[in-house]
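This report refers to the structure that appears directly beneath it.
Nothing in this text is a laboratory measurement; each read-out follows from the coordinates by a stated rule. Owing to the predicted nature of the structure, the values given are computational and were not obtained by experimental measurement. Methodologically, a virtual Cβ is constructed for each residue, glycine included, from the backbone with ideal geometry; neighbour enumeration extends over all protein chains shown.
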Amino acid sequence: MTSKDQPAAPASASTNLANRYGGKKRALGGSARRAILVAALAGGIGFMAWISTSNATESITFKDIGYSTPDATVAEIDFQVTKEPSTDAKCAVKALDAKFAVVGWKVVDIAPNATDAGSDGGRTTAHRALLRTESQAVSGVVDSCWLPDAAE
């Protein structure tokens, strides 16, 4: 009972916090910890399997070697392709003008090659692509290379 002269006693701070934010949390049990550990371990093993198989798949890389522009309508682009000798590849090459606009574009087919061709046991071979351009090119580059699907 309170009187006008005495205010009511305030609730304790821990009671106010528990009412506002909820009570104390329980610790995880042994089976819950074990389940989390097993799930994390399985996820880690799956991730490592994915990494090891993605690196084992066939890949292709390219390197720009140089270019020349004999006249305003032609560009020559020299590049190297590294791939498995027995596979086909395709590379998109482009010629650019002074404002970096594409003035010539071509997809070049890279045929399978012998293991004694090029370097790295036939993996790396040199290629030259001749492009027709619509105006004077000031550079030529390989845009991308890929392994074509069997249907292509």
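Points worth noting:
- Ranked by how many other beta carbons lie within 10 Å on average, peptides 35-46, 120-131, 85-96, 63-74 from highest: 85-96, 120-131, 63-74, 35-46
- Mean Cα-pair separation over length for the range 55-152, i.e. relative contact order, pairs under 8 Å, 6 or more apart, %: 38
- A simple spin-label model places pseudo-atoms 7 Å from Cα toward Cβ; at V38 and I51 they are separated by 2.5 nm.
- On the principal axes of its alpha carbon atoms, the range 37-142 extends 66, 37, 17 Å, with the longest extent given first.
- Modelled spin-label separation between D149 and A114, with each label point placed 7 Å from Cα along the Cα-to-Cβ direction: 3.4 nm.
- Gain upon complete extension [A27, V138; 0.36 nm per residue less C-alpha separation]: 33.2 nm
- In this label model, S68 and R20 are separated by 8.0 nm, measuring between points 7 Å along each Cα→Cβ vector.
- Protection-proxy order for peptides 97-105, 136-144, each taking the mean of Cβ atoms within 10 Å per residue, highest first: 136-144, 97-105
- In the range 22-145, a dipole from Cβ-located charges (positive for Lys and Arg, negative for Asp and Glu) runs towards its positive end, and of A40, G104, A72 it is A40 whose Cα lies farthest in that direction.
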